[in-house]
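The values are calculated or read from the model by the stated rules, or taken from the named source; none is laboratory data. The model shown is predicted, which means the values in this text are computed figures rather than measured ones. Cβ placement follows ideal geometry from the backbone for every residue including glycine, while neighbour counts extend to all protein chains displayed. Ligands, DNA and RNA are excluded from the accessible area calculation, which covers all protein heavy atoms including side chains. Shrake-Rupley method; radii C 1.70, N 1.55, O 1.52, S 1.80 Å.
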Amino acid sequence: NYEGLELAVKSGQVREEVIDEAVERILRVKFRYGIALLDEPTEPDPSVVESEAHIALARETARKGIVLLRNEGEVLPLDRESSMRIAVVGPWADKPRLGDLGSSAVTPSYAVTPYQGIVNATKDHAGVEISVSEDASAAEGVEVAVVVAALTTEDEGEAIFGGGDRDSLDLSAEHEQLIADAAEKAGVVVVVLEAGGPITMERWLDKADAILMAWYPGMEGGNAIAD
């Protein structure tokens, strides 16, 4: 923490030159990529905010940022032409995860949730049935359960904005149990992770047929996940 570092500098345990060098490295990269930290902020042209081009870019960026970490038996992509029941489960299944109330927070006029995105992607396919639930009950007997697990602002967020720090890289016990319950009920389990940092998976990895790291996917996140 800052207080501990300040005491370490004052006591001579850490030299000020070490701090200066670390700060210089950070600022050098920011200036190299054009982040004008010393300039007055400029307001964007309202006519381009959430324009069609920007919405399309938000979806493309989210889609390209998603990482496929596991795909046993090549269960993904799902075949929309096949008849199947899909349950989208978890407390974040139908809630957007937009940021940590700090550096990554965004406030769009709308945000597509994972459940909404999957509904959008299958609405023209009569053989696909979609259900949603905060627990694993909706996964009973379905062909595919999509478990949406997310870290909250309390888990990872900047303290000055009311956020917290994790004392573990694991998912919460509730989310791990949700994955286990879905694995007992559904034919295939796809886990979608929404977070800004790393998550350990050893305890539940074998219960998931596929795993997607979606990060904070933004306003078009649900559509990007469905894509």
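Consider Pro41 against the criteria (1) loosely packed, with under 10 Cβ neighbours inside 10 Å; (2) under 27 Å from the mean Cα position of the chain (by Cα); (3) at pLDDT below 80: it satisfies all of them except one. Which criterion is unmet?
(2)
Just to verify a result, which residue in segment 105-128, among those that are open to solvent by 70 Å² or more (accessible area, probe 1.4 Å) and among the hydrophobic types (A, V, I, L, M, F, W, C), is farthest from Ser51 (Cα to Cα)?
The extreme case among them is Ala126.
Counting just the residues of segment 44-74 that are at positive phi and of a type in the set (Asp, Glu), which one comes out modelled with the lowest pLDDT?
Glu50
Of the conditions (1) of a type outside the set (S, T, N, Q); (2) open to solvent by less than 70 Å² (accessible area, probe 1.4 Å); (3) closer than 26 Å to Glu72 by Cβ; (4) modelled with pLDDT of 95 or more, Asp206 fails just one. Which one is it?
Here Asp206 clears every test but (2).
Working only within segment 173-213, note down all residues that are under 18 Å from Ala87 (Cβ atoms) and within 11 Å of the chain's Cα centre (by Cα).
Val192, Leu193, Glu194, Leu212
If only one of Glu60, Glu74, Glu81 is out of contact with any helix residue (DSSP H, G or I) (no Cβ under 7 Å at 6 or more places or on another chain) and surrounded by 12 or more Cβ atoms within 10 Å (Cβ to Cβ), which one is it?
Glu60
Would you confirm whether any residue within segment 129-137 is assigned to a loop (DSSP other than H, G, I, E, B), farther than 20 Å from Met84 by Cβ and open to solvent by 60 Å² or more (accessible area, probe 1.4 Å)?
Yes.
Specify the residue that is modelled with the highest pLDDT; the eligible residues are those in segment 26-38 that are more than 24 Å from Pro108 (Cα to Cα) and β-branched (Val, Ile, Thr).
Among those that are more than 24 Å from Pro108 (Cα to Cα) and β-branched (Val, Ile, Thr), it is Ile26.
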